[in-house]
Amino acid sequence: MNDAEHVNGAGYVTVRVPAKVNVQLSVGGLRPDGFHGLANVFLAVGLYDEVTAFPADGPQVTAEGADAAQVPLDESNLAVRAARLLASRHGLAPDVRLHIAKDIPVAGGMAGGSADAAGALVACDALWGTATSRDELLAMCAELGSDVPFSLVGGAALGRGRGELLTPLETGGAFHWVFAVADGGLSTPAVYRECDRLREAGGGGATVEAVPEPEASGALLEALRGGDARALADALSNDLQAAAVSLRPSLADTLKAGEAAGALAALVSGSGPTCAFLTEDAASAEAVAATLRASGHCRTARTATGPAPGATVVRQG
């Protein structure tokens, strides 16, 4: 029994929430408000954090897991902000302790912090009996961050706007992935700034006037619908990849190592620095992961399949 289950009869709710990979991340031009329009195709994958909510004088947050030392345990934690937001909407005090069991890499471009925020909303809603509607929860998710709504929904979805306006997508089967986890993180705002800089340096410009409106790839959506890993491999794209590699040149070696090991395709996950490798099947994923672990090009390599369900209550008492 871990810390999250020592409830002493006080009541608790545990929510499991998945990581994501962006199988398409098309970035529009820099807008006057400082954001970029996106066509962002999310796929939830089976690496999970678990967020447990307990009654407490709060809000408080604790964490365990391989990357727990990198999880902020103060008001900057997105899960704490989620609990405060839900409490304020219902006129409650945010009296909760959130315990985060981390298995999603921290600062890795896989939306671990966003996952924790979505998990906290669902856990606190169940703990407090506030019966918040799905639409209200999604609106709060969007207020907390662009990736948080997808962490709630899971599966596969197209994100428009800043990524928070979601359209669910059909998937025709399981896709097998390897994730090469790097040491340290990359700042998402820094990667977007570098993307803009590279566009300007290339002579094309970086503003909405210079960059076409991003659109979802028809070939990629068809590959997802058909469960066709090879077709999906041909259609994967990430407009932030060049910027992430520019800021962290060693990622180029990681991408090459995974492809040389037999991956169908390789790309930086979101703003990085985690690299994602699509493989033919589970056995291929294990082989690619083993090669990457031995290569010295990453801290570790993890296998996972997608799509995976969104934030789900898995225990309560």
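The values are calculated or read from the model by the stated rules, or taken from the named source; none is laboratory data. Small disclaimer: the values here were computed from a predicted structure and weren't measured. Ideal geometry is used to build each Cβ from the backbone, glycine not excepted, and the neighbour counts take in all protein chains shown.
Within the bounds of region 118-126, is there any residue that is assigned to a helix (DSSP H, G or I), at pLDDT 95 or above, in the same structural domain as Leu144 (by TED's automatic domain parsing) and surrounded by fewer than 21 Cβ atoms within 10 Å (Cβ to Cβ)?
Yes: region 118-126 contains one or more residues that are assigned to a helix (DSSP H, G or I), at pLDDT 95 or above, in the same structural domain as Leu144 (by TED's automatic domain parsing) and surrounded by fewer than 21 Cβ atoms within 10 Å (Cβ to Cβ).
Counting only residues that are touching a Gly at 6+ places or on another chain (Cβ under 9 Å) and either of a type in the set (Gly, Ala, Ser) or outside any loop (DSSP other than H, G, I, E, B) (or both), how many does region 196-221 have?
6
Within region 227-246, can one find any residue that is out of contact with any Leu (no Cβ under 9 Å at 6 or more places or on another chain), over 30 Å from Cys124 (Cβ atoms) and either among the aliphatic types (A, V, I, L, M) or surrounded by fewer than 16 Cβ atoms within 10 Å (Cβ to Cβ) (or both)?
Within region 227-246, one or more residues are out of contact with any Leu (no Cβ under 9 Å at 6 or more places or on another chain), over 30 Å from Cys124 (Cβ atoms) and either among the aliphatic types (A, V, I, L, M) or surrounded by fewer than 16 Cβ atoms within 10 Å (Cβ to Cβ) (or both).
Residue by residue through region 247-279, note down the ones that are over 22 Å from the mean Cα position of the chain (by Cα), surrounded by 17 or more Cβ atoms within 10 Å (Cβ to Cβ) and in a loop (DSSP other than H, G, I, E, B).
Ala261
Pull up region 145-171, narrow it to residues that are touching a residue at least 40 places away in the same chain (Cβ under 8 Å) and among the β-branched types (Val, Ile, Thr), then point me to the one that is surrounded by the most Cβ atoms within 10 Å (Cβ to Cβ).
Val148
Can you pull out every residue in region 1-28 that is more than 16 Å from Thr188 (Cα to Cα), buried (at least 17 other Cβ atoms within 10 Å of the Cβ) and modelled with pLDDT of 90 or more?
Answer for region 1-28, where residues must be more than 16 Å from Thr188 (Cα to Cα), buried (at least 17 other Cβ atoms within 10 Å of the Cβ) and modelled with pLDDT of 90 or more: Tyr12, Val13, Thr14, Val15, Arg16, Val17, Pro18, Ala19, Val23, Gln24.
Could you tell me which numbered condition Ser151 fails, if it satisfies all but one of (1) touching a Pro at 6+ places or on another chain (Cβ under 9 Å); (2) part of a loop (DSSP other than H, G, I, E, B); (3) modelled with pLDDT of 95 or more?
(2)
Checking the condition charged (D, E, K, R), in contact (Cβ under 8 Å) with a residue 24 or more places away in the chain and under 29 Å from Thr274 (Cβ atoms), which residue from Glu75, Glu136, Glu64 passes?
Glu64
For region 8-37, what are the residues that are touching a Ser or Thr at 6+ places or on another chain (Cβ under 6 Å) and over 22 Å from Ala79 (Cβ atoms)?
Within region 8-37, Gln24, Gly29, Leu30 meet the criteria.
Is there a residue being surrounded by 14 or more Cβ atoms within 10 Å (Cβ to Cβ) and of a type in the set (Val, Ile, Thr) anywhere in region 128-140?
Within region 128-140, one or more residues are surrounded by 14 or more Cβ atoms within 10 Å (Cβ to Cβ) and of a type in the set (Val, Ile, Thr).
Kindly indicate whether Ala115 is touching a residue at least 60 places away in the same chain (Cβ under 8 Å) and over 18 Å from Glu64 (Cβ atoms).
no
Given the criterion part of a helix (DSSP H, G or I) and either touching a residue at least 12 places away in the same chain (Cβ under 8 Å) or assigned by TED's automatic domain parsing to the domain that holds His36 (or both), identify the matching residue among Ala142, Ala107, Ala131, Ala101.
The match here is Ala142.
Can you tell me which residue among Asp33, Asp74, Asp49 is part of a loop (DSSP other than H, G, I, E, B) and within 23 Å of Glu164 (Cα to Cα)?
Asp33
Conditions first: (1) more than 12 Å from Val27 (Cβ to Cβ); (2) in contact (Cβ under 8 Å) with a residue 60 or more places away in the chain; (3) part of a loop (DSSP other than H, G, I, E, B). Leu224 passes all but one, so which condition is the exception?
(3)
Spot the failing condition for Arg89; the list is (1) surrounded by fewer than 24 Cβ atoms within 10 Å (Cβ to Cβ); (2) closer than 15 Å to Ala311 by Cα, and only one is missed.
Looking at each condition in turn, Arg89 falls short on (2).
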